[in-house]
Amino acid sequence: MADSGIENLLQEDRLFPPPREFSEQAVGTADLYEEADADYIAYWTRQAKERITWYKEPTEGLDDSNPPFFKWFSDGELNISYNCLDRHLETGGDKVAYHWVGEPGDTRTITYTELSDEVNRFANGLRSLGVVKGDRVAIYMGMVPELPVAMLACARIGAPHSVIFGGFSADSIIDRVNDQGAKVLITCDGAWRRGSVVPLKDNCDRAMEETPTIEHCLVVKRIENDVSMVDGRDIWWHDLVEHQPTECEPEVMNAEDLLYILYTSGTTAKPKGIMHTTGGYLTGAVTTHALVFDIKPDSDVYWCAADIGWVTGHTYIVYGPLANHTTSIMYEGTPDYPDKDRLWSIIEEYGVTIFYTAPTAIRAFMKWGEQYPQRHDLSSLRLLGTVGEPINPSAWMWYHDHIGPQDCPIVDTWWQTETGAIMISPLPGVTATKPGSATKPLPGISASVVDVEGHPVPLGGGGYLTITQPWPAMLRSIYGDDERYVSTYWSRYPGVYFAGDGAKIDEDGYLWILGRVDDVMNVSGHRISTMEVESALVSHPSVAEAAVVGAADELTGQAIAAFVTLVGSFEETDGLLEELRSHVASKIGAIAKPKTIIFTPDLPKTRSGKIMRRLLRDISDNRVLGDVTTLANSEIVQAIADQAEAYRDDD
Ligand code: PRX
């Protein structure tokens with residue numbers, strides 16, 4: 001477990017109580033904790049009934065008759081797209097749903113009525129292709145308005161969607177599409193990234209050579225780059241929707257019907273298809289969005305600067321904000337294009353009031369310097385948020401001092417793809433914050449830091465983060481693999497959910513997340529399994545064996561460090577090193593490219609043949625080496641360490 005968290009804890013005693021003016025008007029109030037403590041099921045049921053429009057209101061809260069296969073509101077019926085669109089139209093159809101900003105500078109303003117029309121037309125288009133309730137639809141797009149349209153259209157007709165991050169490669173599409181047996185793949189001709197084009201349709205073409213279940217590929221024209229269209233299989237989005245009416249009857253969904261599958265990394269090379277259902281997920285999304293971000297739908301301009309390809313975008317760009325009738329910003333590009341003040345210029349132009357981003361972005365902003373935010377008037381901001389990885393107190397303070405106007409509260413929100421919605425976070429009008437701490441579980445959520453045996457650690461102690469009660473937005477299973485669901489999350493400590501993170505709890509009961517305790521790296525807030533990168537490396541003909549660890553990195557939190565043993569006939573050249581890095585990018589995506597690769601004749605192994613990643617982590621982080629006495633080949637460790645040293649000197 002990382003030591004740095006302990007250091008933070010010892011050093012960090014700054015406390016930021018919520019400003020009085022903020023508390024006085026806050027959506028989330030202290031009495032919610034009491035209400036939820038008294039009866040968490042009743043609390044969540046009240047949220048579900050008050051915040052959601054049901055066709056049939058649920059009479060049941062939690063069904064725990066078959067743990068850990070929990071159900072929530074299981075006799076309720078609803079449609080999520082109805083909740084995100086239709087119910088707002090009568091009184092608020094003219095309100096802006098998204099101010100969309102394209103990377104090259106083009107913009108679109110999309111009202112709720114316009115969004116609804118597009119969703120209905122596309123939903124009819126999907127139905128015209130024979131897509132029915134229960135069919136899976138894979139989505140591989142850039143950050144264009146058609147992406148939320150596609151998701152909502154799927155939700156409207158009851159077809160579970162599975163968004164595949166647009167930075168992934170063709171191989172990643174193949175794995176995910178085949179795992180779920182998707183019938184339709186939705187994409188764009190290409191996506192903009194720092195002025196160049198990511199060839200999304202080409203990647204789909206390559207993938208579709210190996211995805212037999214895909215019947216149609218629907219293509220948004222975004223870039224107008226050359227793409228090939230296969231007759232009968234590939235259809236332009238604009239052709240499909242052209243003659244479709246703007247009314248499409250929503251499917252009546254049971255609360256426990258599948259809404260989406262989102263793949264995330266685990267400790268094996270096979271990504272896990274995390275399943276979220278309809279009623280509980282929406283309850284978690286609307287409630288946490290309203291309370292944590294203090295949403296005032298009539299005045300806020302809210303911006304979650306994530307990518308919809310990750311869970312953060314699902315819950316806090318699409319479902320939460322739309323169900324809450326919020327006006328959001330949606331931005332297509334990167335923060336440094338065309339210049340490093342792009343985000344700040346958007347905040348100024350649209351008068352953004354709430355801004356949510358990741359620590360890795362904040363560290364990049366710090367590195368670029370405060371002159372970029374200083375160029376802009378950011379005084380419209382009234383609340384800041386972070387998510388994705390532990391935020392170091394210095395990044396928290398920089399965010400506070402240079403982005404937020406005076407006393408602007410910061411919500412550090414801990415959650416996961418699996419949890420569906422924020423779990424541990426301040427309520428900005430209630431909780432006094434400490435830089436670097438996600439503070440305490442939200443009302444209705446119950447967490448405990450436990451030791452190896454599962455006993456809660458005393459205040460001041462550290463251990464493993466567990467969630468001790470079911471919650472509505474929780475994952476229901478792993479697609480096609482109930483056993484893996486049980487063994488990954490519910491077996492380490494029977495009866496409670498094991499999150500895979502280490503945490504400390506301080507004397508005031510505040511939680512400090514220390515990061516992953518399994519073989520999953522967190523690179524720029526994105527989980528990548530060491531196994532996945534190792535498999536990609538070993539799939540190259542030159543590689544005999546590979547071990548990968550997450551090494552501490554100033555900018556990205558962790559960076560991927562790979563140790564590679566070559567097949568005898570290959571030589572250790574810089575050219576091969578670069579080729580291997582590109583090979584991983586083509587297998588998984590650029591995000592998984594190792595930052596460093598060190599060639600070594602052997603890897604440190606235990607006598608039973610297990611690779612000792614712990615030692616490789618010590619080497620990567622330039623720490624004193626841990627115990628090597630149990631190794632079968634202890635001499636190799638020093639050799640690798642020397643090589644790593646040489647590598648650092650070269651840098
Ligand atoms: O290790 C924790 C870290 O991100 C993991 C979840 O990753 P993912 O499923 O990709 O979802 C990311 C966005 C919800 C967690 O197990 N993490 C997330 N938020 C925080 C965090 N670590 C510390 N502080 C956070 N606020």
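Do you know which of the residues in the range 539-555 that are touching a Ser or Thr at 6+ places or on another chain (Cβ under 8 Å) and open to solvent by less than 50 Å² (accessible area, probe 1.4 Å) is farthest from the ligand (Cβ to nearest atom)? Filtering first and then ranking leaves V543. Residues in the range 481-538 that are crowded, with 19+ Cβ neighbours inside 10 Å, more than 10 Å from the ligand (Cβ to nearest atom) and of a type in the set (S, T, N, Q): T488, S524, S529, T530. Against the list (1) assigned to a helix (DSSP H, G or I); (2) within 25 Å of Y33 (Cβ to Cβ), the condition H314 fails is (2).
Take the conditions (1) in a loop (DSSP other than H, G, I, E, B); (2) more than 12 Å from the ligand (Cβ to nearest atom); (3) of a type outside the set (F, W, Y); A473 misses just one of them, which is (2). I'd like to know if the range 614-637 contains one or more residues that are over 23 Å from V520 (Cβ atoms) and either crowded, with 17+ Cβ neighbours inside 10 Å or touching a residue at least 40 places away in the same chain (Cβ under 8 Å) (or both). Yes, some residue in the range 614-637 is over 23 Å from V520 (Cβ atoms) and either crowded, with 17+ Cβ neighbours inside 10 Å or touching a residue at least 40 places away in the same chain (Cβ under 8 Å) (or both). Going residue by residue through the range 234-241, is there one that turns out to be touching a Cys at 6+ places or on another chain (Cβ under 6 Å) and without any contact (Cβ under 8 Å) to a residue 40 or more places away in the chain? The answer is yes; a qualifying residue exists. Looking across the range 61-90 at every residue that is of a type in the set (F, W, Y) and assigned to a loop (DSSP other than H, G, I, E, B), the one that is nearest to S491 (Cα to Cα) is identified as F69. For the range 350-392, filtered to residues that are among the charged types (D, E, K, R) and at pLDDT below 95, the residue that is farthest from the ligand (Cβ to nearest atom) is K367. The set of residues from the range 393-450 being of a type in the set (F, W, Y) and away from the ligand (no atom under 12 Å from the Cβ) comprises W398, Y399. Among the residues of the range 14-42, those that are touching a residue at least 60 places away in the same chain (Cβ under 8 Å) and part of a loop (DSSP other than H, G, I, E, B) comprise R14, L15, P17, P18, P19, Q25, A26, V27, G28, T29, A30.
Return yes or no: is V197 open to solvent by 10 Å² or more (accessible area, probe 1.4 Å), more than 25 Å from S265 (Cα to Cα) and at pLDDT 95 or above? Taking the combined requirement at face value, the residue satisfies it.
Taking the range 206-233 as the range and being in contact (Cβ under 8 Å) with a residue 24 or more places away in the chain and charged (D, E, K, R) as the test, the residues that pass are R206, E210, E215, K221, R222, E224, R233. Selection of first residues in the range 410-425 that are over 16 Å from Y356 (Cα atoms) and of second residues that are within 8 Å of the ligand (Cβ to nearest atom) and not β-branched (V, I, T), restricted to Cβ pairs under 8 Å at least 6 apart or on distinct chains, gives the following pairs, ordered by first then second residue: T417/W310; T417/R527; E418/A499; T419/A499. Please work out if E349 is out of contact with any helix residue (DSSP H, G or I) (no Cβ under 9 Å at 6 or more places or on another chain), over 30 Å from E534 (Cβ atoms), acidic (D, E) and open to solvent by 20 Å² or more (accessible area, probe 1.4 Å). When the stated conditions are applied, E349 passes them.
The values are calculated or read from the model by the stated rules, or taken from the named source; none is laboratory data. No experiment lies behind these values; they were computed from the predicted model shown. Virtual Cβ from ideal backbone geometry, glycine too; neighbours counted across all protein chains shown. Side chains included, ligands, DNA and RNA excluded: accessible areas come from the protein's heavy atoms. Shrake-Rupley method; radii C 1.70, N 1.55, O 1.52, S 1.80 Å.
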